[in-house]
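Take a look at the structure set out below.
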Amino acid sequence: MKKFKLFMAIAVVFTATFMTGCEKPKDDVKENTEQKQEENTVAQTLGRQFESEIENERDIEKVTKKIAENEILEISVDASQVKSGDYLSGFQKEIKDFKNAYVIRPMIGTIPFIAYIFEVENSSEFAEELKSSADLRWNICTEADEMHVVVRGDYVFFVMSPKNFEQEE
């Protein structure tokens, strides 16, 4: 009987040790998966596309239209030019002092998505101004999950969006 109790004690310790050791790789896999999901958010994906497109094409109207066609945007969007003095959604103050700008916005106004491409003189300063005056809750009933800004040369890409457009069930 003593041998059986000793065997059971060893088995319990071994099992507990083995089970604890097995959980760590699962946590690592979970962290890696979450990191990959984070890299594949709507804003991150569109930011990478902007970086790629602006390297080959300096006409921001064409770049805007290509981004608006990205499959990650599972919503109907409008891509149009913004004129100086136009109201820009998503900010707590008036944004001005840009040479040229285009917006990508949803056809349904309650979707928390907005993206802009600006051509400006001092892109780094302008990007900081956008970040400091951005309001993720500019839509009354909804709120964007994230904001992402990319600066390339004289161009600034700014987006506020949900992490994805998957329907919650």
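Within the set Lys65/Lys93; Lys65/Lys99; Lys65/Lys163; Lys66/Lys93; Lys99/Lys131, which residue pairs have Cα atoms separated by over 23 Å?
Details: Lys65/Lys93 26 Å; Lys65/Lys99 18 Å; Lys65/Lys163 21 Å; Lys66/Lys93 28 Å; Lys99/Lys131 19 Å.
As for pairs spanning more than 23 Å Cα to Cα, those are Lys65/Lys93; Lys66/Lys93.
Could you tell me the accessible area of Met147 in Å² (1.4 Å probe, neighbours in place), rounded to the nearest ten?
Using a 1.4 Å probe on the heavy atoms, I get roughly 70 Å².
By the scheme Lys and Arg +1, Asp and Glu -1, what is the net charge of all other residues having a beta-carbon under 11 Å from that of Ala79?
Numbers: positive: Lys62, Lys65, Lys66, Arg105; negative: Glu61, Glu69, Asp78.
It works out to a net charge of +1.
When Rg is the radius of gyration of the Cα atoms in the range 66-112 and Rh is its Kirkwood radius, what does Rg/Rh come to? The partial results should precede the final answer.
Values: Rg = 11.9 Å, Rh = 12.1 Å.
Here Rg/Rh amounts to 0.99.
For all pairs of alpha-carbon atoms in the range 100-150, what percent lies in each bin of width 10 Å, listed from the first bin to the last filled one?
23, 52, 23, 2
Rg to Rh for the range 55-169: what is it, with Cα atoms only and Rh by Kirkwood?
On the way: Rg = 13.6 Å, Rh = 14.4 Å.
Over the Cα atoms of the range 55-169, Rg/Rh equals 0.94.
How large is the charge dipole for the range 29-128, taken about the Cα centre, if only the Cβ atoms of Lys, Arg (+1) and Asp, Glu (-1) carry charge, to the nearest 20 debye? Mind showing how you got there, number by number?
Details: 12 positive and 21 negative charges, 55 e Å.
It comes to approximately 260 debye.
The values are calculated or read from the model by the stated rules, or taken from the named source; none is laboratory data. Nothing here was measured: the structure is a model prediction, and the numbers come from that model. Virtual Cβ from ideal backbone geometry, glycine too; neighbours counted across all protein chains shown. We work out accessible area using only protein heavy atoms, side chains counted, and drop any ligands, DNA or RNA first. Shrake-Rupley method; radii C 1.70, N 1.55, O 1.52, S 1.80 Å.
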